Structures are given as structure tokens and as C-alpha cells.
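Down below is the structure, laid out as C-alpha cells.
The values are calculated or read from the model by the stated rules, or taken from the named source; none is laboratory data. Nothing here was measured: the structure is a model prediction, and the numbers come from that model. Reconstructed Cβ throughout: ideal geometry from the backbone, glycine too, with neighbour counts over all protein chains shown. These area figures cover heavy atoms from the full protein model, side chains too; ligands, DNA and RNA do not enter into them. Shrake-Rupley method; radii C 1.70, N 1.55, O 1.52, S 1.80 Å.
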Amino acid sequence: MTLERWQLRDPKTTLLEINERCPLELGRTVVAAVRMTDQAVTAARVALEPGQHLRPHPYDSDLARGIAEEIAPDRGSLGAENGGISHILVTVVCRDGYVVPARREFEWFRAWRYSNHFRGAIDGDVYVVTPHGWTGALDSRAGYEPCLVETKEEPS
């Protein structure tokens, strides 16, 4: 299988690594910077907490740009190789429901498209993680792990 420049070689491993840096929890959206050469996660940050939603354009793109500026390297600091692009920005939407891309995931594509972040990173796929498993919005690969674990409070 030939991968595009923005695709992950092993999404499961990358999602597990993102989860270690920034726990994937129901209702949370996480954005991570993944170095292209070795596919290592170099940074991850919560974009939206449970109960928060992307606001309409241009606020969604402002949020995406702010995150990119925080976690992706400056394009000018990387040299001419690959046009100064060294990272992939991966978005992970953690929600309930079926393991199929839905409106919330595709809203992130618009946010990234108009973010104009000018960082040393390209916009990657948007992954969805549910209690039933994961898949990419554009990447047809999927799996059962990682998945969101329901936490039940112990009765007092």
C-alpha cells in the first residue's frame, strides 16, 4: 500500500502514543504533531474539552492556527528539505457512537483548510475514537484498540 505524504504508517501505534501524551477521553478533541521521518509524536494538546464544540468559521480556523503555532515547528527553522515541512498535524475526535466519520470530524478539515498556520507541518487526517474502536475520516484503516474506556464511578 502506497501512503500519501499526510498519512500515518501505523495509525494504531500513533493513536496509542497520542493517548500516552494527552489522554483520549469521551468528548475531548486532541491535536498532535507527528514527525514525518520516524512518525514519532512530538507534541499533543487538547483542542476541545467535553461539552465544547468548534465554532463556525473563522473561529474554528483561528483555533486550528493557534494549536499549530503552539505544537508545530516554525517552517523557516527547518531548511529547504521537503519545503520546510517536517510534521503532520493529526486531529483525534473522541466521541460516542459508531466508528464511522461524521460531521464533527469533517468540520475539522474545514478548520485546518483555512487556518493558514504557515508552520512546518501539513494537515493530516482526522481520526475518530469511540468506545468501539477507531478509524480515520480519509484513512480506511480501523481497529478495536485504542478505544475509549467508559469510567464508572464507584458508589459511595
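On the basis of being β-branched (Val, Ile, Thr), at pLDDT 95 or above and in contact with a Phe, Trp or Tyr (Cβ under 9 Å, 6 or more places away or on another chain), does VAL100 make the cut? If you could, list the steps in order and put the result at the bottom.
Values: β-branched (Val, Ile, Thr): yes; at pLDDT 95 or above: yes; in contact with a Phe, Trp or Tyr (Cβ under 9 Å, 6 or more places away or on another chain): no.
Criteria not met by VAL100.
Given the criteria assigned to a helix (DSSP H, G or I), touching a residue at least 12 places away in the same chain (Cβ under 8 Å), more than 22 Å from GLN7 (Cβ to Cβ) and open to solvent by 40 Å² or more (accessible area, probe 1.4 Å), does ARG65 qualify? Working first, answer last.
Details: assigned to a helix (DSSP H, G or I): yes; touching a residue at least 12 places away in the same chain (Cβ under 8 Å): yes; more than 22 Å from GLN7 (Cβ to Cβ): yes; open to solvent by 40 Å² or more (accessible area, probe 1.4 Å): yes.
Yes, satisfied.
Take GLY83 and decide whether it is open to solvent by less than 70 Å² (accessible area, probe 1.4 Å), assigned to a loop (DSSP other than H, G, I, E, B) and at positive phi. Don't jump to the end; show me each part of the working.
On the way: open to solvent by less than 70 Å² (accessible area, probe 1.4 Å): yes; assigned to a loop (DSSP other than H, G, I, E, B): no; at positive phi: yes.
Criteria not met by GLY83.
Can you tell me which residues in the range 20-48 are more than 20 Å from TRP6 (Cβ to Cβ), in contact with a Ser or Thr (Cβ under 9 Å, 6 or more places away or on another chain) and not in a strand (DSSP E or B)?
GLU25, LEU26
Can you run down the residue pairs with Cβ atoms below 7 Å, 6 or more apart or on separate chains, where the first is in the range 42-54 and within 19 Å of SER115 (Cα to Cα) and the partner is of a type outside the set (A, V, I, L, M) and open to solvent by 70 Å² or more (accessible area, probe 1.4 Å)?
ALA44/ARG21; ARG45/GLU70
Please count how many residues of the range 14-48 are open to solvent by 70 Å² or more (accessible area, probe 1.4 Å) and not basic (Lys, Arg). I'd like the intermediate steps shown before the answer.
First, the residues of the range 14-48 that are open to solvent by 70 Å² or more (accessible area, probe 1.4 Å): 20-21, 25-26, 35, 37-38.
Next cut, not basic (Lys, Arg) only: 20, 25-26, 37-38.
Of the residues in the range 14-48, 5 are open to solvent by 70 Å² or more (accessible area, probe 1.4 Å) and not basic (Lys, Arg).
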